[in-house]
Amino acid sequence: MSTTLFTNARKVDAAGEVDGFWMLVDGDRITATGSTVEAPGRPPVAPPAGDPSGAGGAGRVPDATVDLAGARLTPGLVDLHVHGGGGASYDGDADEIARGLAVHRAHGTTRSLVSLVANPVARLRTSLEAIAELRTRDPLVLGAHLEGPFLSPARKGAHALEHLAEPTAETVHALLDAAPGTVRQVTLAPELPGGLEAVERLVAAGVVVAVGHTEADHDLAVAAFDRGASLVTHAFNAIAGIGHREPGPVVAAVSDDRVTIELILDGVHVHPEVVAMMFASAQGRVALVTDAMAAAGSADGDYLLGELAVTVAGGVATLAGTDTIAGSTLTQDAALRRAMDAARQGSVAAVTALTATPARAIGVDHEIGLLAPGHLADAVAWTDDWHVSRVWAAGRELVDGVAVRS
C-alpha cells in the first residue's frame, strides 16, 4: 500500500487544535501524527522522511506528500441521518443511493448512515438489501437507519400514516433479517405497544435505538433509555419540547450521559439559541445531522420523500400543500458553519458534533472521528471561511464526491 504524508496543517478535532500538524497515512489508515510547533508539554517532532528511526517507524520516503500550507484539517464529517441529495433518494436502488452520497461527500461527509422513511415492510426489506449490496463496494456507507415504521401516528411528520407499524417481534426480525448487519440505527416511539420490549430486542441485536417521532413524556423516555435507547432523533422535531411542569424527553436525554442528541442546524428546524443551549447542557453529546432529502445540493422544485410529495422553496422542504417540514436541504459543511456562527460554538466543539460525537453514538469512534494513529484516514481540508477545499476518505482523495483512482 502507498503512503502519504500530510504536512503543514492546522488540525482541528475533538482532541483540540494543533498547529504545524502532520500525519502519515499508510493505505487507508493514519499510522503516525505529530507537530513541528512546540507547545507546553509537547516538543516539536519532525515528520518522517525515510529515516527508519523517524516517527511511525517509517523506513522509506512517503510515496506522496500533501502540503496543506497552513489550512485547517479536520476528520471527515459523519452524518447519522440523511435521506438523499443531488436529486437522488435513498429509497431507490444502490446506484441512486450512490449518486446522493457523492453530493454529500463533496461537502465533506465521508461516512454516513443511509436513512429510510416509513414504507411497507416488504419495500423496506428491498431497500435494506440494496444498501447491503452497496456496502460491499462502498465501505464508507456505515449501514442503514430505519426512521420508520415504528413511529407515533400523532408525530409522524413526513412519513406516510398507512406505512406505520407496531414494533412486534415478527416485524423487527423481518427487518433485521433482510440484510444481516445492515441496520445500525432505528428510530422508535417507545409508547407503541411492545415499544420498550422492542428497544431491548434491537439493542440486543447490536442496533442503536433512537427515541423519536414520539408522544413519550419524560418518564417514558427515561424508561426507554434505561432499556438501552441511546439517541434522540432530531430533538425538538416530531417530539415534545421542554415544559416547566412536564420537562419532556429532551430533558430526559440531557440528564442522561449515555444519550446522544441529534439536532438539525439548518436555520429552520431549531433556533440557533436553542442549539447553543443544547451544546452547553449536553457537552460532547450533540450530534449535528442533516436529515437531508433529495433536494440537498439541488434546485428548488417538486420531489418525493418516500411516497409523499414534497415542495422545496427557498431551500425549505415541506409536504406539498402544507407547512409540515419534510427533511432538509442541508449539507454538513453548512451545519458546521452555522454552529460556529449562529450558535456561537468554538471550532473544536462544532467539529466534534460532526465527527467524534456521531461516531461514538453508533460505536465506531475507535475507527473514525479523530485524526489519530489507528483511525481510518478520512480528512477534510478547509478554506479560511470554512468551505470545503479537499476531501479524503480511507486515504484516497475524493473529487466531486468520488474517489480518485490511484
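Taken together, the values in this text are just the output of simple stated rules run on the coordinates, not laboratory data. These numbers were taken from a predicted model, which means no experiment stands behind them. All Cβ positions, even for glycine, are placed from backbone atoms using ideal geometry, and neighbour counts span all protein chains on display.
Each label point was placed 7 Å from the Cα along the Cα-to-Cβ direction; for A64 and M1 their separation is 1.5 nm.
Could you give the Stokes-Einstein D for the stretch 134-230 in µm² per second, using the C-alpha Kirkwood radius, 4 °C, 1.567 mPa s? Approximately 95 µm²/s, per Stokes-Einstein.
Residue separation of V399 and A299 scaled by 0.36 nm, minus their Cα-Cα distance, works out to 33.9 nm of gained length. Of L77, L288, L24, the residue with the greatest mean-square motion in the GNM of the chain, using alpha carbon springs below 10 Å, is L24. Dimensions of the stretch 1-148 along the principal axes, based on C-alpha atoms and rounded to the nearest Å, stand at 59, 30, 24, largest first. Placing +1 on the Cβ of each Lys and Arg and -1 on the Cβ of each Asp and Glu in the stretch 77-361, which of M278, A296, P153 has its Cα farthest towards the positive end of the resulting dipole? The residue sitting farthest along the positive end of the dipole is M278. Seen against the Cα atoms of the chain and their longest principal axis, helix 218-227 is set at about 60 degrees. Between A154 and D93, the simple label model (points 7 Å from Cα in the Cβ direction) yields a spacing of 4.3 nm. Lys and Arg at +1, Asp and Glu at -1: add these up for the other residues within a Cβ distance under 15 Å of A377 and post the number. Spelling it out: positives minus negatives among the neighbours equals -1.
How high is the FRET efficiency between A205 and V348 when r is their beta carbon distance and R₀ equals 25 Å, given to the nearest 0.05? FRET efficiency, A205 to V348: 0.15. One compactness figure for the stretch 192-297 is 1.06, namely its Cα radius of gyration divided by 2.2 N^0.38 Å. With the Cα gyration tensor of the stretch 359-406 giving a ≥ b ≥ c as the square roots of its eigenvalues, does the rule (a/c under 1.5 for rounded; else a/b larger than b/c for prolate; else oblate) give rounded, prolate or oblate? Oblate, since a/c reaches 1.5 and b/c is not below a/b. Estimated at 0.36 nm per residue, the fully extended path between H366 and L308 surpasses their Cα-Cα distance by 17.1 nm. Here the average projected area of the convex hull drawn through the C-alpha atoms of the chain stands at 19.3 nm². Working from label points 7 Å from Cα in the Cα-to-Cβ sense, the A223 to E129 distance is 3.8 nm. By DSSP, the beta bridges lying fully in the stretch 77-361 are antiparallel in about 30 percent of cases.
Near H375, the amide H atoms lying under 5 Å from its own belong to I30; only residues 5 or more places off or on other chains count, and H is placed 1.01 Å from N. Net length available on complete extension from R42 to H244 is 68.0 nm, with 0.36 nm assigned per residue and the Cα-Cα distance removed. Computed from Cα positions, the angle between helix 121-137 and the longest principal axis of the chain comes to roughly 10 degrees. The C-alpha atoms of the chain define a longest principal axis, and helix 94-106 lies at about 50 degrees to it. Is it possible to state the helix-based mean residue ellipticity at 222 nm for the chain, with each DSSP H run of 4+ residues giving -39500 (n - 2.57), the sum divided by total residues, to the nearest 500 deg cm²/dmol? What is it? After summing the helix terms and dividing by residue count, I get -7000 deg cm²/dmol.
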